[in-house]
Structure formats: C-alpha cells, structure tokens
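Colleague: Below is one structure. I have some questions about it.
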Amino acid sequence: MPGPDLVRLRLALTAFFALDGFVFSGWVVRIPAVKEQTGASASTLGLALLGVSAGAVVTMTLTGRLCRRYGSHLVTVVCAVLLCLSVGLPPLTHSALSLGAVLLLFGAAYGGINVAFNSAAVDLVAALGRPVMPSFHAAFSLGGMVGAGLGALVAGSLSPTRHLWGLAVVGLLVTAVAGRALMRCEPLTPADGRRSERGAPRRLDRRTRALVFVFGLIALCTAYGEGALADWGALHLEQDLGASPGAAAVGYACFALAMTVGRLTGTTLLERLGRTRTVLAGGSTAAAGMLLGALAPSLWAALLGYAVTGIGLANLFPVAVERAGALAGAAGVATASTLGYGGMLLGPPAIGFMADWFSLPLALTSVAALAAVATLIGFATRRAHAD
C-alpha cells in the first residue's frame, strides 16, 4: 500500500490535472462571445488564437529546465496561479492584437503546467510501481467536461468577464488547497537511472533521445485525432450525413465521454495487458473506429465510430508521456508534450486542406492512418516499453 505522502501527492496532482481541463474548456466555450466583443474577423481571430499555441510550445521547451532547477511541484503551483489569472484577461480586450497578447500569456501558463504536473506524475508512477498515469489524464478529461458543461449553462446569463473571472477565483481556491498539499510533499527522486551518482541529470545517449522522440510521435498521432474530431467531427455529421446541429454536437460528446471512460479504466488495462499490448490494441481500435466514423453512411454508425475512436486513443498519450518521462525526466515530458501539442495544432488545418482537395470523410480517414502509425511505432519500440 502506498504511504500517506504518496496518496496526498496523487490527490494533489489529480486536482491540478482536473483544474487544467476545467479552466481551459471554460475559456474555449466563450471564444464566440470574445470574438464578438473584439470585433475580430474569422481570420484575425485565428491569428489571435495562435497566441495560445505559440505560448504553450515555447514554454513547454523551457519548463523541463525549470523543473530540474526549482522542482516540478513549485513550477506546477506557479503555472496554475498564472493560468487562473490569465484566463480572465481575454474578455477585457477590445482588439485582436490585445487578445493575441493575453492569449500568449495564457498559452505559456497552459504549456508550463502541462509539462510540470506530467513530470511529477511520471516520478509518482515510478514510486508507486503501478501504471496510474491514465487516471491523471482522466481527471483532465473530466475537468474539461465539467468546465464545458458549466460554460454552456451560464453562457446565456453571465457575461464572458464574469464567467471567466469566476473560473479564475475557483481555480485560485483549488490551487491554494491542492498547492499547499503538493508543496508539503517531498519531491520524488527518480530511481530509473536518469541521474548520475552526484545527483545531476545524466547525459542522454543518442538511442535514448531517439526513443523519447519516437514516444513523442505516438503523442502527436493521438493528439492529431483529438484536434481533428474537436474541429471537424460535428461538421462531418451535419454536412455529410444530414444530422441536425444538436445531433451533430453529440458526436464530439460521444468521443470525449468514451475517451474519459477509457482513461478511467486505463490503469486496470495497463496492469492486465502491459504497455505494448495496450498501445497496439488502442491504436488498432482507434484506426478501425475512425474508418467507421468517417465512412459510415448513417449517423448512428458514425457516432459509434467516434466512440470507438475515443476508447482507442484514450491511453496512447498517457503511455507515451510516461515512457518519455521515465527515459529522460522533465525534458522527456517536455519533448513528448510539445510534439503532442503540435499534433493537436496540425490536425484541424490538415483536415481542412485535405477536405478541400478530396472530401471531408476522406480527410478524416487520416486520423485512422495516424492511429495505425502509432500502432506500428508501439510494435517497433515494444522492448522499450519495459512491460
């Protein structure tokens, strides 16, 4: 049985994962209102939204060093405070330029906390000796669903300013409680050979760096599917299958709910199957599900395909990040997270271009293709999964 310190650490990290999803989804559902307030066109809004991506990617590349110097616990708490404060800034802007500037700060906090708490979670997984990484990502998914649902409920009665500053207050309260618990926990010392005898980070050899990059590619393939379905899944159901707007919106809900369920059961799955077979089964399931979701002639079959895809993709990202972190510490987490986030950014525009060249259903099959690539990578690196 884990000691009380490890239990406290696990609960604190779970709270931060949930907080991250809650705050981010709360912002996402208010984008249309902020667009109207700033008077931005679709193109200028798209450029402003790149601030989130730019801030996240830049910070992810730096946070590994900050974690090594100051500890992942402190970096998690600081980034959580910045995340909560910055989510209230977009409704205060009145131009696309100022919106992009505050989103740069928001994205930096978002990227930093993702690397920091994933790094802490990787060390906790090693200390517990159990593959509990999916449970943390399930908390992120649950937080996102709660944040999006709450946003939908209050959108008609609260202004974006009141809503997002309300999220900021709730987030700061959660940070105060969870942060206190987290800072009371001693940072875990990696016991996997990532440090030299003097305690300094061990210099990684070429093979280890290559493996970290490869696990990052699995994260990219997974996040590509998440981004593609978030932006194009509902449109496919409405445009190609004649679904009503309400029924089309159910498509992403099916995907997100199935992914959450998959992550909640991920620890049990990993304990029974091991990492390699979990990746192989997940990637194969996602590929088959997305082929059904993209090419099915009926709405219900497509919804089933979306759900199967969510179950298949659920545990690929957590496994990839955990393996990269086990090999290279915070730097490995940063590399895998950056590649994964890049996949989420790449998915929507890539689908758009392919939809223009071919058709949207055919473009969505690229999600299945990358899920198959993740499966092949998992098979090729099966010895590195240390099952």
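The values are calculated or read from the model by the stated rules, or taken from the named source; none is laboratory data. Computed from a predicted model, the values in this text were never measured in an experiment. Note that we place each Cβ from the backbone using ideal geometry, even for glycine, and neighbour counts take in every protein chain shown. Just the protein is used for accessible areas: all its heavy atoms, side chains included, with ligands, DNA and RNA removed. Shrake-Rupley method; radii C 1.70, N 1.55, O 1.52, S 1.80 Å.
Colleague: How about region 305-320: which of its residues are within 11 Å of A258 (Cα to Cα) and not in a helix (DSSP H, G or I)?
Modeller: A314
Yes or no, residue by residue, for (1) assigned to a helix (DSSP H, G or I); (2) open to solvent by 10 Å² or more (accessible area, probe 1.4 Å); (3) touching a residue at least 40 places away in the same chain (Cβ under 8 Å):
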{"site": "D123", "(1), (2), (3)": "yes, yes, yes"}
{"site": "P134", "(1), (2), (3)": "yes, no, yes"}
{"site": "G147", "(1), (2), (3)": "yes, no, yes"}
{"site": "G166", "(1), (2), (3)": "yes, yes, no"}
{"site": "G171", "(1), (2), (3)": "yes, no, yes"}
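Colleague: Looking at A294, A253, A258, A243, which is the one that is among the aliphatic types (A, V, I, L, M), surrounded by fewer than 23 Cβ atoms within 10 Å (Cβ to Cβ) and more than 27 Å from G111 (Cβ to Cβ)? Reasoning before the result, please.
Modeller: Details: A294 fails: surrounded by fewer than 23 Cβ atoms within 10 Å (Cβ to Cβ); A253 fails: more than 27 Å from G111 (Cβ to Cβ); A258 fails: more than 27 Å from G111 (Cβ to Cβ).
Testing whether each residue is among the aliphatic types (A, V, I, L, M), surrounded by fewer than 23 Cβ atoms within 10 Å (Cβ to Cβ) and more than 27 Å from G111 (Cβ to Cβ) leaves just A243.
Colleague: List every residue pair whose Cβ atoms lie under 6 Å apart, where the two residues are 6 or more positions apart in sequence or sit on different chains, the first residue falls within region 89-109 and is among the aliphatic types (A, V, I, L, M), and the second residue, located anywhere, is surrounded by 21 or more Cβ atoms within 10 Å (Cβ to Cβ) and part of a loop (DSSP other than H, G, I, E, B).
Modeller: From residues that are among the aliphatic types (A, V, I, L, M), the pairs are A96/A40.
Colleague: What pairs come up if the first residue lies in region 244-268 and is farther than 13 Å from L316 by Cα and part of a helix (DSSP H, G or I), the second is open to solvent by 40 Å² or more (accessible area, probe 1.4 Å) and small (G, A, S), and their beta carbons are under 8 Å apart, counting only those six or more places apart or on different chains?
Modeller: Between residues of region 244-268 that are farther than 13 Å from L316 by Cα and part of a helix (DSSP H, G or I) and residues that are open to solvent by 40 Å² or more (accessible area, probe 1.4 Å) and small (G, A, S), the close pairs are Y252/A230.
Colleague: Please list, ordered by first then second residue, the pairs with beta carbon atoms under 9 Å, 6 or more apart or interchain, first in region 54-73 and at pLDDT 90 or above, second surrounded by fewer than 17 Cβ atoms within 10 Å (Cβ to Cβ) and hydrophobic (A, V, I, L, M, F, W, C).
Modeller: H73/M183
Colleague: Moving to a separate point now. Quick check: anything in region 301-316 more than 30 Å from P245 (Cα to Cα) and at pLDDT 90 or above?
Modeller: yes
Colleague: Next question, about the same structure. Might you let me know whether region 91-114 holds any residue that is open to solvent by less than 10 Å² (accessible area, probe 1.4 Å), touching a His at 6+ places or on another chain (Cβ under 9 Å) and more than 23 Å from L6 (Cβ to Cβ)?
Modeller: Within region 91-114 (the criterion being open to solvent by less than 10 Å² (accessible area, probe 1.4 Å), touching a His at 6+ places or on another chain (Cβ under 9 Å) and more than 23 Å from L6 (Cβ to Cβ)), the answer is yes, since at least one residue qualifies.
Colleague: Do we find a residue being assigned to a helix (DSSP H, G or I) and over 21 Å from the mean Cα position of the chain (by Cα) anywhere in region 7-25? Spell out how you get there, then give the answer.
Modeller: Step one: of region 7-25, the residues assigned to a helix (DSSP H, G or I) are 7-25.
Keeping just the survivors that are over 21 Å from the mean Cα position of the chain (by Cα) gives 7-8.
Checked region 7-25: at least one residue is assigned to a helix (DSSP H, G or I) and over 21 Å from the mean Cα position of the chain (by Cα).
Colleague: Quick one: which of R184, R180, R130 is closer than 21 Å to V77 by Cα, touching an Asp or Glu at 6+ places or on another chain (Cβ under 9 Å) and open to solvent by 50 Å² or more (accessible area, probe 1.4 Å)? Break it down stepwise before answering.
Modeller: Numbers: R180 fails: touching an Asp or Glu at 6+ places or on another chain (Cβ under 9 Å); R130 fails: closer than 21 Å to V77 by Cα.
Result of the check over R184, R180, R130: R184.
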